[in-house]
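Read the structure below first, then the notes.
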Amino acid sequence: MIVWIVLAVVILIIAITGIKIVRPFQRGLVERLGKYNREASSGLQFIIPFFERMVKLDLREMVIDVPPQEVITNDNVIVTVDAIVYYQIVDAFRVVYNVSEFESAATKLAQTNLRNVIGEMELDQTLTSRERINTKLRDVLDEATDKWGVKVTRVEIKKIDPPQDIMDAMSKQMKAERTKRAVILEAEGYKQSEITKAEGDKQSAILKAEGEAEAVKRVAEAEKYKLIAEAEGQANAILNVFNAIHEGKPDEELITIRYLDALKNIADGRASKIFLPFEASKLLSSLGAIGEMFNEKASGSESEEKTNKGKQSGRGT
């Protein structure tokens, strides 16, 4: 009974040893008596105990932290560079049988190529061209690790630290540049302000001049319309007077009397001399005729009165 129990335990141990479970993100390499036999995919796998051995590999993307190292740039400045390498196994057979301790080999390879890449650049370029460094280093590592069955997906530079004195000098330079930019921006702002102010003054002067010109134009138009209206009124008045005179058919005596009224208004001034037109001589002769006419009428009236008085006195007698 004890023998059977021992045998059952041995068989169970052998069975457990021969059963392997490969997870979905893993690949298994099976060796039989020290020789590669097959590649096992994910799932439940069986191997022959004591004769076969399985090595499991993780196919997920993994990371290697490259230790910080000092690198000399092209302009002889020592900088400390720290990087990270991301990789993924694409061929399980080659990563096991083509390289020993892949992570250590990849780390050394990244360090040496990092020196080469940064050594070709100056300090300012290394600080401003991280993407360029990442891309170039990734291409170099990917080409070098291709025979190892590994794909380098990306490389990231964590930090690039120049010496303290260089950082102090860069800080002063950056401060000076910022001060310079501030002064330039202030000058540009003042210049733009003055230009805007001058443009505003110019526009204001133009609008003021245009307003004054428009005002003068409108005043002139109003004055023009006023003079036209007055001229038209005077013309109408003269025309009405002219028509009234011709319709009334005035005789020479009436015209003479109106002329005398006009002479009266002319004589009202303070001038000691009065200049009369030549045509006034004819009217003056007419005045003489009118005066004689008035005298004749007056003498006739006196004679008639005397005659009447004589008749009246005779009747009384």
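Of the residues making up segment 126-137, not a single one is touching a residue at least 40 places away in the same chain (Cβ under 8 Å), in the same structural domain as Ile89 (by TED's automatic domain parsing) and surrounded by fewer than 19 Cβ atoms within 10 Å (Cβ to Cβ). The set of residues from segment 90-118 being within 60 Å of the chain's Cα centre (by Cα), closer than 19 Å to Arg138 by Cβ and of a type in the set (A, V, I, L, M, F, W, C) comprises Val90, Val95, Phe102, Ala105, Ala106, Leu109, Ala110, Leu114, Val117, Ile118. All conditions but one from (1) more than 30 Å from Arg38 (Cβ to Cβ); (2) exposed (fewer than 15 other Cβ atoms within 10 Å of the Cβ); (3) modelled with pLDDT under 85 apply to Ile72; the one that does not is (3).
The set of residues in segment 101-126 that are closer than 18 Å to Ile84 by Cβ and either among the basic types (Lys, Arg) or in contact with a strand residue (DSSP E or B) (Cβ under 8 Å, 6 or more places away or on another chain) (or both) comprises Phe102, Glu103, Ala106, Thr107, Lys108, Ala110, Gln111, Leu114, Arg115, Ile118, Thr126. Across segment 34-44, the qualifying residues are those that are farther than 16 Å from Val22 by Cβ and at pLDDT 85 or above, and the one among them that is surrounded by the fewest Cβ atoms within 10 Å (Cβ to Cβ) is Lys35. The number of residues in segment 1-32 being modelled with pLDDT of 80 or more and loosely packed, with under 10 Cβ neighbours inside 10 Å comes to 4. Any residue at all in segment 45-64 that is modelled with pLDDT under 85, loosely packed, with under 15 Cβ neighbours inside 10 Å and either touching a Cys at 6+ places or on another chain (Cβ under 8 Å) or outside the structural domain of Gln26 (by TED's automatic domain parsing) (or both)? No: segment 45-64 contains no residue that is modelled with pLDDT under 85, loosely packed, with under 15 Cβ neighbours inside 10 Å and either touching a Cys at 6+ places or on another chain (Cβ under 8 Å) or outside the structural domain of Gln26 (by TED's automatic domain parsing) (or both).
The values are calculated or read from the model by the stated rules, or taken from the named source; none is laboratory data. Just so it is clear, the model here is predicted, and its values are computed rather than measured. Counting neighbours? That spans all protein chains shown, and the Cβs are built from the backbone with ideal geometry, glycine included.
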